[in-house]
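The values are calculated or read from the model by the stated rules, or taken from the named source; none is laboratory data. All values derive from a computational prediction rather than experimental measurement. Cβ atoms come from the backbone with ideal geometry, glycine included; neighbour counts cover every protein chain shown.
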Amino acid sequence: MDFEFTQDQLSLRDAVARWVEKGFGFERRHALAKAGGATRAVYGELAELGLAGLAVPEAHGGLGFGPVEAMVVMEELGRGLVNAPYAPGALVAPALLAAAPPALQAAWLPKIADASALVVLAHQEPRSRYRLNHVETTARAGAGGGHVLSGRKIVVPAGDEADAFIVPARLAGAVDDEAGIGLFLVERKNAQVRGYPTHDGARAADVVLNDSPGTLIAAEGFAAMEAAVDVGIAAQCAEAVGLMDQYLRITVDYMNTRKQFGVPIASFQALRHRIADIKMQVELGRSMSYFASLTLGRERAQRRRAISQTRVQLGQSMRFVGQQCTQLHGGIGVTDEYLGSHYFKRLTVLETSFGDTLHHLGEVSARMQDTAGVFA
Amino acid sequence: MDLNFTAEELEFRSGIRQWVAENLPKDISDKVHQAQRLSRDDLQRWAKILGKKGWLGWGWPQAFGGPGWSAVQKHLFEEECALAGAPRVVPFGPVMVAPVIMAFGSPEQHKRFLPGIASGEVWWSQGYSEPGAGSDLAGLKTRAERRGDKYIVNGQKTWTTLGQYGEWIFCLVRTSTEGKPQTGISFLLIDMKSPGITVRPIIMLDGEHEVNEVFFDNVEVPAENLIGEENKGWTYAKHLLSHERTNIADVNRAKRELERLKRIAKAEGLWDDQRFRDQIALLEVDVVALEMMVLRVLSAEKSGKNSLDVAGLLKIRGSEIQQRYTELMMLAGGPATRAYVHEAMEAGWQGDHVGAAHSASLASHYFNYRKTTIYGGSNEVQRNIVAQTVLGS
């Protein structure tokens, strides 16, 4: 048992932090968000640091790093409020493609590794909410041995900046069956894409498929999708830790500077206790973020339980830290010009991808055993 | 980064598990698992079994006859004991006063006091709080006046846990009123059989005699019972408080009690009640998060960097969780928990239970556990400390 980072991991953290410090200040971030949240160029800059290929196997031109490195990068991206689609493009997509036939991997993974392609998971549907097994989109054999897909996917991250989507579509079975869900790669040119900005200064899109050609990744793709989503959740939790840690720092600075009644507001005990409660939520969140990243390799039932336990903790932490850090700023905290409110919005929006707190509480509840604990 | 214990650590754990299975008396673990009342004899019997093995001072270095375990090994030992249903070791001797005696006592004091603590023969109590000195402990007034080779002690201590069994008591006493309140405090070991000491019970809200008031009326204490230097007691006491960092979270016991909560919920037909079950699930998340936080502290200690200053957080969270599981157990017990039958909490009681037998102690424990956010530095004081660290002002 050891929670120390290696020297290489610390260097990775430094590299991301330096890039944020030099190239991704709040002014730039704010301007990007105001302009509609397009960040493909930012994603390209991250690729120059080698980050796009972080999780891509070395054989396909990537670094072949694991969950801890991903966690380190995500934490720093969170701290820097970086709104590029890093987790969807660089972490979730390679995890999905691990289930693909070798030729398809060889066609796409090198392009993912150098960011010449942005590939994202398009799994949510108007009626699916957070259930991965609820897939109404259909796939059937098309001309020439391929498949064609029909259906609608919503809130696809950076959807109108992506080059291709990985789409779960039903080959067989009822609408909620885990069996019969195929995974397909659909190029953007074959789909109708309607993009829009999101509250956290980024972009998403609805993707409409109408007999759209798709390349089969796996005919029974549910397990692969679930595992990739868990990679995404662990990444998101690490990002949340970075966001919370930095929002706490910003708030501490503010409280030590802002004066009311002739003294810094940091001197008031009601506010000091709030800071202690925020620190508690940040550290519980960080502890569980470690837990999620370090349990990604466990067998399915254990992994899913750990991921949902983590998301319940992070959901509570994000909500509390976001709301309370905003509150401690007073009026300035609820303005657009102040960076704090953008941390708050990102923390809020994060909850609605891959399942909110109540969804994951339901998962924890359903998966409870007689014993509990980190090693249960 | 690696979540798993090393092969050596796992081997260590299975050794402990086996020893505990072979040596923890079943009548005692049954009482613990069923939350029945533990007697002085139960507590001391287990202490002496540990003492005979050399593990009552499980945190002690080898130089003082302890096992010299690492922070991780200590944690694993505590976990195995807790999960097997061992009673909590009464900490005042082996966990609290012994490290102070080791660090600041003389060789003569080592020889005189440590063996009785290590074996579990001598019952120690703690004399810190006073009626006028709770959170503001440095405001203590119990006076120790030096007269020749003796101190004359006058004053009153309170909240002395299990002081009714105490043979010795370690006290913070005022030896000077000069300067800041913290600078005039000394650390004194007092034989509780000394003339002038009166112990009076305080009955708590659950009807139990767990704590006491201790009065000192011209009690003569040999000067050789002073630890270290006069007026340095506050420093020694702080050493004591900083000594136990992870134990205070008591996450291992929380894991055991979470299991018990699930058993009670099942017996009460609540396991399939989604509203209730979700409350257990939330608590389970809290327990796992606390365990991860404890493991992070252990890892920091193991690496020698010790950079993780979250002791205050561990105390706050651990105590809140303790209160929450007693609360959920009481709610699970339902209307039967309203009955207060003092004898029904004894093992082997033959009377008619109101509702299921497990209901007898649930409300009492809920009431009793309100103490956890108050003692050991109230959670509000802990928040002050955490805020000081975070704000740096």
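Any residue in segment B:354-366 that is of a type in the set (Phe, Trp, Tyr), more than 14 Å from every other protein chain (Cβ to nearest Cβ) and buried (at least 20 other Cβ atoms within 10 Å of the Cβ)? Break it down into steps so the answer makes sense when it comes.
If we filter segment B:354-366 for residues that are of a type in the set (Phe, Trp, Tyr), which is where we start, we get B:366.
Remaining after also requiring more than 14 Å from every other protein chain (Cβ to nearest Cβ): B:366.
With the extra rule that they be buried (at least 20 other Cβ atoms within 10 Å of the Cβ), the set shrinks to B:366.
Yes.
Which members of segment A:247-264 meet the condition of being more than 8 Å from chain B (Cβ to nearest Cβ) and free of Cβ contacts under 8 Å to residues at least 40 places away in the same chain?
So in segment A:247-264, the residues more than 8 Å from chain B (Cβ to nearest Cβ) come out as A:247, A:249-251, A:253-254, A:257-263.
Passing the criteria: A:ARG249, A:ASP253, A:THR257, A:LYS259, A:GLN260, A:PHE261, A:GLY262, A:VAL263.
Inclusion of B:TYR375 among residues that are among the hydroxyl-bearing types (Ser, Thr, Tyr) and either within 27 Å of A:CYS325 (Cα to Cα) or away from every other protein chain (no Cβ under 14 Å) (or both) is warranted.
Conditions tested, residue by residue: (1) more than 9 Å from chain B (Cβ to nearest Cβ); (2) buried (at least 23 other Cβ atoms within 10 Å of the Cβ); (3) closer than 30 Å to B:ARG263 by Cβ; (4) in contact with an Asp or Glu (Cβ under 9 Å, 6 or more places away or on another chain).
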residue: A:GLY297; (1), (2), (3), (4): yes, no, no, no
residue: A:ARG300; (1), (2), (3), (4): yes, no, yes, yes
residue: A:GLY315; (1), (2), (3), (4): yes, yes, yes, yes
residue: A:GLU337; (1), (2), (3), (4): yes, no, no, no
residue: A:GLY340; (1), (2), (3), (4): yes, no, no, no
residue: A:LYS345; (1), (2), (3), (4): yes, no, no, yes
residue: A:THR348; (1), (2), (3), (4): yes, no, no, yes
residue: A:VAL364; (1), (2), (3), (4): no, yes, yes, yes
residue: A:GLN369; (1), (2), (3), (4): no, no, yes, no
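Report yes if B:ALA336 is part of a helix (DSSP H, G or I) and modelled with pLDDT of 95 or more, otherwise no. Yes, satisfied.
Scanning segment B:332-353 for residues that are within 22 Å of B:GLN279 (Cα to Cα) and surrounded by fewer than 19 Cβ atoms within 10 Å (Cβ to Cβ) returns B:GLY334, B:PRO335, B:ALA336, B:ARG338.
If you go through segment A:272-284 and pick out every residue that is of a type outside the set (Val, Ile, Thr) and either more than 8 Å from chain B (Cβ to nearest Cβ) or touching a Pro at 6+ places or on another chain (Cβ under 7 Å) (or both), you end up with 2. Take A:ALA143 and decide whether it is at pLDDT below 95 and among the aliphatic types (A, V, I, L, M). Yes: the conditions hold for A:ALA143.
To keep it simple, each residue is scored yes or no on (1) closer than 22 Å to B:VAL122 by Cα; (2) within 14 Å of chain A (Cβ to nearest Cβ); (3) among the hydrophobic types (A, V, I, L, M, F, W, C).
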| residue | (1), (2), (3) |
| --- | --- |
| B:ALA7 | no, yes, yes |
| B:GLU22 | no, no, no |
| B:ARG45 | yes, no, no |
| B:LEU56 | yes, no, yes |
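Does segment A:151-170 include one or more residues that are of a type in the set (D, E, K, R), surrounded by fewer than 18 Cβ atoms within 10 Å (Cβ to Cβ), over 26 Å from A:ASP356 (Cβ atoms) and free of Cβ contacts under 8 Å to residues at least 12 places away in the same chain? No, that holds for no residue. Remark: pairs (first residue in segment A:8-24, within 14 Å of another protein chain (Cβ to nearest Cβ) and closer than 12 Å to A:GLY80 by Cβ; second residue surrounded by 11 or more Cβ atoms within 10 Å (Cβ to Cβ) and of a type outside the set (A, V, I, L, M); Cβ separation under 9 Å; 6+ apart in sequence or on different chains) = A:ARG13/A:PHE5; A:ARG13/A:GLU75; A:ARG13/A:GLU76. Sub-7 Å Cβ pairs linking a first residue in segment B:262-285 that is assigned by TED's automatic domain parsing to the domain that holds B:ARG324 to a second residue that is among the aromatic types (Phe, Trp, Tyr), at least 6 apart or interchain, are B:ALA265/B:TRP271; B:ALA265/B:PHE276; B:LEU270/B:PHE276; B:ARG277/B:TRP271; B:LEU283/B:TYR325, ordered by first then second residue.
Looking across A:VAL148, A:VAL156, A:VAL167, one residue alone is in contact with a Pro (Cβ under 9 Å, 6 or more places away or on another chain), closer than 28 Å to A:GLY61 by Cα and part of a strand (DSSP E or B). It is A:VAL156. A single member of A:GLU4, A:GLU69, A:GLU58, A:GLU75 is more than 14 Å from every other protein chain (Cβ to nearest Cβ) and either buried (at least 16 other Cβ atoms within 10 Å of the Cβ) or among the charged types (D, E, K, R) (or both), and it is A:GLU58.
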